[in-house]
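First comes the structure, then the notes that go with it.
Laboratory data are not the source of any read-out in this text; all were calculated from the coordinates shown. If you're wondering where the values come from, they're calculated on a predicted model, not measured in any experiment. Note that we place each Cβ from the backbone using ideal geometry, even for glycine, and neighbour counts take in every protein chain shown.
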Amino acid sequence: MKTELHPTQKIQRKNIIQLAIWTWSWVLASALATFGPKNLWQDSNFLNLVSMGLYFLSGIGMILANRKHLMGLDELQRKIQLEGMALALGVAVVFGLGYSILDIENYIYFDAEISHLVVLIGITYFSAVLINTKRYK
């Protein structure tokens, strides 16, 4: 026996699916913009610009889908998500700038890479959402 979803749950499910589609579109566009010029085409400014256009358009779509998803959540879920995002933003700014300063002043013996910051942001956001979900339940 299949249970029917509440209309709010249907909307949330639809928003999550749209967010997943836009996120994967952005990931694929990122891969295309990164690896396309090296592996698929060489010296084609046109294809480079097209791939970057796809990257930015899919990124904008992902941002808008994320906003729509957040607006469709109940107050507690929205609070949990926004607190996680606020913490991730703070960590990104403070540690990102500090990381850059360490690299500029040669206090670290490797180049500061944006990928390191992206991983830190992701871990921070994921951890904050998990902790806040447990805290508020």
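The table below gives the values:
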quantity	calculated
Karplus (6.51, -1.76, 1.60) ³J(HN,Hα), θ = phi - 60°, over the range 36-49, in Hz, Gly and Pro reported as x	x, x, 8, 10, 9, 8, 10, 6, 10, 4, 4, 5, 4, 5
GNM flexibility winner over the chain from ILE101, ILE60, ILE17 (Cα, springs under 10 Å)	ILE101
Fewest-first sequence of TRP22, TRP41 by Cβ atoms within 10 Å of each Cβ	TRP41, TRP22
Residue order, fewest to most beta carbons within 10 Å, for SER115, SER127	SER115, SER127
Stokes-Einstein translational diffusion, the chain - Kirkwood Rh over all Cα pairs, 0.890 mPa s, 25 °C, in µm²/s	138
Hydrodynamic radius (Kirkwood) for the range 18-59, which is based on Cα pairs only, to one decimal in Å	10.3
Amide proton proximity set for LEU73, modelled H, under 5 Å, gap of 5+	none
Normalised contact order of the range 12-80, rounded percent, pairs of Cα under 8 Å and 6 or more residues apart	46
Mean Cα-pair separation over length for the chain, i.e. relative contact order, pairs under 8 Å, 6 or more apart, %	24
Length gained when the stretch LEU70-VAL93 is fully extended (0.36 nm per residue, less Cα-Cα span)	6.0 nm
Lysines with Cα under 19 Å of LYS10, excluding same-chain neighbours fewer than 8 positions away	LYS2, LYS68
Cα pair count fraction exceeding 20 Å, expressed as % - the range 1-72	45
3J(HN,Hα) from dihedral phi, the range 58-72, Karplus parametrisation 6.51/-1.76/1.60, rounded to Hz, x for glycine, proline	5, x, 5, x, 5, 4, 5, 5, 5, 4, 4, 4, 4, 5, x
Segment ILE108-ALA31, length gained on full extension (0.36 nm per residue, minus Cα span)	24.9 nm
Largest to smallest principal axis extent of the C-alpha atoms in the range 74-137, angstrom	46, 15, 13
Estimated vicinal HN-Hα couplings, Hz - the range 4-21 in sequence order (Karplus 6.51, -1.76, 1.60; Gly, Pro = x)	7, 7, 5, x, 5, 5, 5, 5, 4, 5, 4, 5, 5, 5, 4, 4, 4, 4
